[in-house]
C-alpha cells in the first residue's frame, strides 16, 4: 500500500539507479560542439526522461565542481516543487560527452541495522540471532496478508530461532483508523506484550468489522477501544490505566516510529527487515523463509529443514488395469 511522499518519495524512487551513466550528446550532426545553453537543455531532458521526473518539478542545473572520479566533474542538480527542494549530485565528463549518477553507501552506519526496537513487544525467542522487524499498518489489507503469512506458520517453522517485532507506520492519508489502532495497541503493550499481539492478531483478521459497512471513522474508533478493553478484561489488565491511555490518545510514539520509517525510505506497508535485509510488500511465506534462512546461515545458525513436498495424487487406473 503506497504512501504519498512529496519530494522524498520521488527521489527515493527515481534517484536510486546506482551508478548509471548515460551518454549526453554535445555535438550536432555536423560534429559541432553545442553551446552551453543547448547542452544544459539536453541534460535536463535526459534527466527528466531517465528518472521519470514529474512535469510539475523544476530541474535546475548548478555550477560544476571537482570530483573524485578522473575525467569527471560534479554537477549538482536541484529538483523543486513548491517550497520543497532537494539537490542531487551527478557527474559530467570534462568533455561534456557523458552524464553519470554515482551513489555511495555508508556500510558502517546503515540505518537498517540500527532500527529502534527498545520496549517493543517481542514474539518468539527474545535472544534469537535473527530479528524480523515489520513496519505495520493495522488497517492495511496487504499488512493483514503478510501478518497471516508470519503467524502462525512462520513462527511455528522457526520456533526459537527467530524473534518478531512490529513497528508502527500507519498510512493516515489512506486509512482513517490506522493511527487510533496503533495508539490503542501500544496502550495494551504498556501492560502486556502478549495482549498486544492478541489485539494485533484480531485487527488483522477482522479489519472489515472495524471499518463497518458505512465506514464511519467515529464508529471505527469506538470499535477499536471496545476490542482493546475486551482483550484487557480477558487478560486481567489494569482497566484504569488502560482507560486513561485510550482517552489520552498520545500519538507521539507512533509518529516517532513513522518518522523512522520515512528515514528508512519506506513508502508503503508492510515493510520487513530481516537482520537488515529488506522485504517490501506482502509476499508468499516461502519467499520470506528464503530471506530468514539466509540470515540464519549468516548468523551461524542452521535453518530448519525444508518442508516435505506434498505427495502427488495417485494416477487414475487405466481401463482394464484396476484391481479385482
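So the values come out like this:
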quantity: The listed residue being in contact (Cβ under 8 Å) with a residue 40 or more places away in the chain and within 18 Å of residue 147 (Cα to Cα), out of 190, 232, 228, 181; calculated: 181
quantity: Some residue of the stretch 70-81 being part of a loop (DSSP other than H, G, I, E, B) and in contact (Cβ under 8 Å) with a residue 40 or more places away in the chain; calculated: no
quantity: Complete set of residues in the stretch 88-112 that are in contact with a strand residue (DSSP E or B) (Cβ under 8 Å, 6 or more places away or on another chain) and farther than 28 Å from residue 273 by Cβ; calculated: 90, 91, 92, 93, 94, 96, 97, 98, 99, 100
quantity: The lone exception for residue 155 - which of (1) touching a helix residue (DSSP H, G or I) at 6+ places or on another chain (Cβ under 7 Å); (2) surrounded by fewer than 18 Cβ atoms within 10 Å (Cβ to Cβ); (3) within 20 Å of residue 290 (Cβ to Cβ) it fails; calculated: (1)
quantity: Only listed residue being modelled with pLDDT of 90 or more and within 30 Å of residue 256 (Cβ to Cβ), chosen from 79, 72; calculated: 79
quantity: Count of the stretch 113-125 residues which are within 18 Å of residue 266 (Cβ to Cβ) and part of a loop (DSSP other than H, G, I, E, B); calculated: 5
quantity: The stretch 160-178, residues that are farther than 20 Å from residue 266 by Cα and either touching a residue at least 60 places away in the same chain (Cβ under 8 Å) or not assigned by TED's automatic domain parsing to the domain that holds residue 268 (or both); calculated: 161, 162
quantity: Which listed residue, of 138, 174, is in contact with a helix residue (DSSP H, G or I) (Cβ under 7 Å, 6 or more places away or on another chain), at pLDDT 95 or above, surrounded by 15 or more Cβ atoms within 10 Å (Cβ to Cβ) and part of a loop (DSSP other than H, G, I, E, B); calculated: 138
quantity: Some residue of the stretch 89-112 being assigned to a helix (DSSP H, G or I) and closer than 30 Å to residue 190 by Cα; calculated: yes
quantity: Residue in the stretch 58-66 that is in a loop (DSSP other than H, G, I, E, B), out of contact with any strand residue (DSSP E or B) (no Cβ under 6 Å at 6 or more places or on another chain), at pLDDT 90 or above and over 15 Å from residue 98 (Cβ atoms) present; calculated: yes
quantity: Subset of the stretch 88-126 that is more than 24 Å from the chain's Cα centre (by Cα) and surrounded by fewer than 16 Cβ atoms within 10 Å (Cβ to Cβ) - its residue that is modelled with the highest pLDDT; calculated: 89
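The values are calculated or read from the model by the stated rules, or taken from the named source; none is laboratory data. Everything quoted here is computed from the prediction, not taken from an experiment. Positions of Cβ are backbone-derived with ideal geometry, glycine not excepted, and every protein chain shown enters the neighbour counts.
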